[in-house]
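*Asks:* This is the structure, below, for whatever I ask next.
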Amino acid sequence: MSALAMRVTVLGGGVIGLSAAWYAARAGYAVRVVDRGSPHGGSWVAGGMLAPITEAWPGDEDVLALGVESLQLWPGFARSLGVELTPAGTLAVAVDRADVEVLDQLRAYLERMGRSASKVTGRELRALEPGLGSVRSGLSVPGDVAVDNRALLRALREACAADGVVFADEADEDRDVTVIAAGAWSRDLHPSLRDVIRPVKGEILRLSARPGALPPPRHTIRAQVSGRPVYLVPREGGFVLGATQYEAGFDGDVTVGGVRDLLRDAEVVWPGIAEYALTEAAAGFRAGSPDNAPVVKWLEPGVLAATGHHRNGLLLAPVTARRVLDLLGEGGNNR
């Protein structure tokens, strides 16, 4: 069946679903996106980091390779959508001696994998970001950047609409292919995903600089404080602060403990945070998978999955959309 004759329904209006829909529409498919919306969608709540190198860890080599491949697509992807990337890169900082050891392990692993991150001293870190607290040392990863996730979602919806994508609240039964791209909710949309995809809860805060406060960081700042990861992602006039991680099902509450931990840990890294305004606290659900790798494949004739991206949904959007398009090209053999 030709692209012009094939009708594709995408279930999910997050970054993965919209990217796949946009690629398919530009290729000539008749595309409908079904999205009931949720304030807890991972794409909406996300920090916006595009950071395969800083996220790397032994055992996730396939995820690292896929992330690097997708990051290489991001400049063109962003230009096509008219969105900007935060250019300054990422600083991974160590607060105490244990953190230094963790970053040393990461740097050694990256070197073995043919990737690099430059070690910087605490003094050099504070020269780059004067608002940093008492950090011992860190890693500079200029290639790991960030994007405003909400600006990206708006741009994707506009691009989809411009290329003929139809948005609806309900699925149309008269379709040739369904793409399941509903993030954590994908588990309820096909039996084979029930035991593969799970919701991973994350709480995230948005802060704005008040008059007299130190300006927000230019770089994305990542750290471990008492074993808890914390990151600060720049936004105009403030930053996004995240993120907790719980195996708590679809519990959408923002907990007092989660907010307390994030603010306490962030103040260690960026002491001037006390002068900022807390403008939003939200909980979202990442789509976890057993091996942290996405599930992008045919589930049965006429049904594709594009889910399970865990922490990397934004990062992997262009490479996933390209893979979905490749699979749709095989659609005549899978219906």
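*Asks:* If you take the beta carbon distance between Glu267 and Arg136 as r and set R0 to 22 Å, what does 1/(1 + (r/R0)^6) give as a FRET efficiency, to the nearest 0.05?
*Replies:* The formula returns an efficiency of 0.80 here.
*Asks:* Classify segment 221-335 from the C-alpha gyration tensor, please: rounded if a/c falls under 1.5, else prolate or oblate depending on whether a/b exceeds b/c.
*Replies:* Judged from the Cα gyration tensor, segment 221-335 comes out prolate (a/c at least 1.5, a/b above b/c).
*Asks:* Going by a ≥ b ≥ c, the root eigenvalues of the Cα gyration tensor, does segment 214-258 fall in the rounded group (a/c under 1.5), the prolate group (a/b larger than b/c) or the oblate group?
*Replies:* prolate
*Asks:* Provide the convex hull volume over Cα atoms per residue for the chain, in Å³.
*Replies:* 127
*Asks:* Using the reciprocal of the averaged 1/r over all distinct C-alpha pairs, how large is the Kirkwood radius of segment 183-265 in Å?
*Replies:* Values: mean 1/r = 0.0680 Å⁻¹.
For segment 183-265, the Kirkwood estimate is 14.7 Å.
*Asks:* Over the Cα atoms of segment 137-181, compute the convex hull volume and normalise it per residue, giving Å³.
*Replies:* Measuring per residue, one finds 164 Å³ for the Cα hull of segment 137-181.
*Asks:* For Asp174 and Lys297 in one chain, what is 0.36 nm times their gap in residues minus the Cα-Cα distance, to one decimal in nm?
*Replies:* Full-extension gain reported as 42.1 nm.
*Asks:* Right, another one. Ranked from highest to lowest mean number of other Cβ atoms within 10 Å per residue, what is the order of the peptides 59-70, 103-114?
*Replies:* With the highest mean Cβ count within 10 Å placed first, the list reads 59-70, 103-114.
*Asks:* Return one number: the angle in degrees, 0 to 90 and rounded to the nearest 10, between the long axis of the Cα atoms of helix 15-26 and the longest principal axis of the Cα atoms of the chain.
*Replies:* 40
*Asks:* Under a 1.4 Å probe, what is the accessible area of segment 1-149 per residue, stated in Å²? Mind showing how you got there, number by number?
*Replies:* Details: 6520 Å² over 149 residues.
Heavy-atom accessible area per residue stands at 44 Å².
*Asks:* Also, I was wondering about something else. Rolling a 1.4 angstrom probe over the protein chains, ignoring ligands and nucleic acids, what is the accessible area of Trp57 in square angstrom, nearest 10?
*Replies:* Near enough 100 Å² of accessible area.
*Asks:* Which whole-Hz couplings ³J(HN,Hα) result when phi for each residue of segment 226-233 is put into the Karplus expression 6.51 cos²θ - 1.76 cosθ + 1.60, θ = phi - 60°, listed in order with x for Gly and Pro?
*Replies:* For segment 226-233, the Karplus-derived couplings read 6, x, 9, x, 9, 9, 10, 10 Hz, x marking Gly and Pro.
*Asks:* Tell me the volume per residue, in Å³, of the convex hull enclosing the alpha carbons of segment 43-124. Spell out each step's value before the answer.
*Replies:* On the way: hull volume 10.7 nm³, N = 82.
In segment 43-124, the Cα convex hull volume per residue is 131 Å³.
*Asks:* Roughly how many whole Å is it from the C-alpha centroid of segment 260-281 to that of segment 33-53?
*Replies:* Each part's Cα centre sits 22 Å from the other's.
*Asks:* Where does segment 1-149 land on the Kirkwood hydrodynamic radius, alpha-carbon pairs, in angstrom?
*Replies:* For segment 1-149, the Kirkwood estimate is 17.9 Å.
*Asks:* Over segment 1-63, consider all pairs of different Cα atoms and compute the Kirkwood hydrodynamic radius from their mean reciprocal separation; express it in Å, one decimal.
*Replies:* Taking the inverse mean of 1/r over all distinct Cα pairs, segment 1-63 comes out at 14.0 Å.
*Asks:* Helix 97-112 sits at what angle to the longest principal axis of the chain, using alpha carbons and giving 0 to 90 degrees rounded to 10?
*Replies:* Relative to the chain, helix 97-112 is tipped by roughly 50 degrees.
*Asks:* According to the square roots a ≥ b ≥ c of the eigenvalues of the Cα gyration tensor, what is the shape class of segment 250-316, taking rounded for a/c under 1.5, prolate for a/b larger than b/c otherwise, and oblate for the remainder?
*Replies:* Note, shape of segment 250-316 comes out prolate.
*Asks:* Once every DSSP H run of n ≥ 4 in the chain is given -39500 (n - 2.57) and the sum is divided by its residues, what mean residue ellipticity at 222 nm do you get, rounded to the nearest 500 deg cm²/dmol?
*Replies:* -9500 deg cm²/dmol
*Asks:* Ok, one more. Each label point is 7 Å from the Cα along the Cα-to-Cβ direction; what then is the distance between the points at Asp96 and Thr255, in nm?
*Replies:* It is 2.1 nm.
*Asks:* Sticking with this structure for a sec: Please work out how much length the chain gains when fully extended from Ala65 to Arg7, using 0.36 nm per residue of separation minus the C-alpha to C-alpha distance, in nm with one decimal.
*Replies:* Result: 17.7 nm gained on full extension.
*Asks:* Test of understanding: extend the Cα→C-beta vector of Glu275 to 7 Å, then name every residue of segment 107-132 with backbone N under 20 Å from that spot.
*Replies:* Zone members listed by number: 126-132.
*Asks:* Then there is this: Enumerate the amide H contacts of Val166 below 5 Å, restricted to partners 5 or more residues apart or on another chain; note that Pro and chain-start residues carry no placed amide H.
*Replies:* Those lying under 5 Å, H to H, from Val166 are Val31, Arg32, Val33.
*Asks:* Give, to the nearest whole percent, the P(r) tail of segment 95-191 beyond 22 angstrom, counting all Cα pairs.
*Replies:* More than 22 Å apart: 59 percent of the Cα pairs in segment 95-191.
*Asks:* Here's another thing I want to ask about it. Quick check on segment 157-210: what are the equivalent-ellipsoid semi-axes from the Cα gyration tensor, as sqrt(5λ), descending, whole Å?
*Replies:* 28, 23, 8
*Asks:* With every protein chain kept in place and ligands, DNA and RNA left out, what is the accessible area per residue of segment 226-279? Probe 1.4 Å, answer in Å².
*Replies:* Ligands and nucleic acids excluded, the result is 47 Å² per residue.
*Asks:* Additional query: How high is the relative contact order of the chain, in percent, counting Cα pairs under 8 Å that sit 6 or more residues apart? Each step should come with its number before you reach the end.
*Replies:* Values: 751 pairs, mean separation 88.1, N = 335.
Rounded, it is 26 percent for the chain.
The values are calculated or read from the model by the stated rules, or taken from the named source; none is laboratory data. Since the model is a prediction, treat every value here as computed from it, not as a measurement. All Cβ positions, even for glycine, are placed from backbone atoms using ideal geometry, and neighbour counts span all protein chains on display. The accessibility values were calculated without ligands, DNA or RNA, using every heavy atom of the protein model including side chains. Shrake-Rupley method; radii C 1.70, N 1.55, O 1.52, S 1.80 Å.
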